[in-house]
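Here's the structure we're looking at; comments come further down.
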Amino acid sequence: MPYTVTPTAIPDVLLLEPKLFSDERGYFFESYNARAFQQATGLQVEFVQDNHSLSVQGVLRGLHYQIRHPQGKLLRVVQGSVFDVAVDLRRSSPTFGRWVGARLSAENRRQLWIPPGFAHGFLTLSDSAEVLYKITDYWYPEHERTLLWNDPSLGIEWPVGGAPRLAERDAAGKRFAEIELFD
């Protein structure tokens, strides 16, 4: 099996660690294999787009979601490190309103599966970080929403000393009590 899968505190959010083959020449691993992903997770997903972002230290992106055309995401870091967060926005879920976070880095090669129905964001911990993520639906800007990254009702423990660097839309995110939710 090319992955070790570990459920997080929110069982639908999964931490995947690929099997690494290394020797004196370097290393190799399968970053994604549809058949192995399905066998390891029990999920059959179709990814329609790959995204690649570069962020400098202290940048916080998120917490984003699409109210229509919700996206599942499989994320990994290919340079640097981030603290990645998912917030459950599914009213019918036993973990509704809870969050989970994981450190992802080029060094640990961990990947995070975040299913549709979650808000997602990350904070860059290293000088810079490049994040690659596969998504299950296309981006529709008219359906994109932003949950306020530091809403006190969520209690997200961001490992940030001081104010993060934010885009205008992230600084203007709505509080959890005000956002549109999933059933």
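The values are calculated or read from the model by the stated rules, or taken from the named source; none is laboratory data. Quantities reported herein were computed from a predicted structural model and do not represent experimental measurements. Note that each Cβ is placed from the backbone with ideal geometry, even for glycine, and that neighbours are counted across all protein chains shown.
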Problem set entry | Boolean, Thr95 is at pLDDT 95 or above, assigned to a strand (DSSP E or B) and either hydroxyl-bearing (Ser, Thr, Tyr) or within 30 Å of Phe21 (Cα to Cα) (or both) | no
Exercise. Exactly one of (1) modelled with pLDDT under 95; (2) among the acidic types (Asp, Glu); (3) part of a loop (DSSP other than H, G, I, E, B) is unmet by Glu17. Its number?
Worked result: (3)
Seminar exercise, completed: Those residues of the range 32-45 which are buried (at least 16 other Cβ atoms within 10 Å of the Cβ) and in a helix (DSSP H, G or I) amount to Ala36, Phe37, Ala40, Thr41
For this session: Could you list all residues from the range 1-31 that are within 23 Å of the chain's Cα centre (by Cα), among the acidic types (Asp, Glu) and surrounded by fewer than 19 Cβ atoms within 10 Å (Cβ to Cβ)?
Result: Glu17, Glu30
Problem set entry | Residues within the range 46-60 that are outside any strand (DSSP E or B) and either within 16 Å of the chain's Cα centre (by Cα) or basic (Lys, Arg) (or both), tallied | 1
Exercise. So, of the residues in the range 102-117 that are free of Cβ contacts under 8 Å to residues at least 40 places away in the same chain and outside any strand (DSSP E or B), which turns out to be farthest from Gln79 (Cα to Cα)?
Worked result: Glu107
Exercise. Just for the range 133-162: of the residues that are part of a strand (DSSP E or B) and within 19 Å of Leu112 (Cα to Cα), which one is nearest to the chain's Cα centre (by Cα)?
Worked result: Tyr133
For this session: Determine if the range 84-98 includes at least one residue that is farther than 28 Å from Phe176 by Cβ and among the polar types (S, T, N, Q).
Result: no
For this session: Go through (1) touching a Phe, Trp or Tyr at 6+ places or on another chain (Cβ under 7 Å); (2) part of a loop (DSSP other than H, G, I, E, B) one by one and return the number of the condition Asp170 breaks.
Result: (2)
For this session: Among the numbered conditions (1) in contact with a helix residue (DSSP H, G or I) (Cβ under 9 Å, 6 or more places away or on another chain); (2) not in a strand (DSSP E or B), tell me where Leu74 comes up short.
Result: (2)
Exercise. Does at least one position in the range 142-150 carry a residue that is closer than 15 Å to Phe83 by Cβ, touching a strand residue (DSSP E or B) at 6+ places or on another chain (Cβ under 9 Å), touching a residue at least 12 places away in the same chain (Cβ under 8 Å) and not polar (S, T, N, Q)?
Worked result: yes
Exercise. Just one of Val100, Val160, Val85 is among the β-branched types (Val, Ile, Thr) and farther than 20 Å from Pro7 by Cβ; which is it?
Worked result: Val160
Exercise. Take the residues of the range 156-176 that are among the basic types (Lys, Arg) and closer than 12 Å to Leu60 by Cα: which is surrounded by the fewest Cβ atoms within 10 Å (Cβ to Cβ)?
Worked result: Arg169
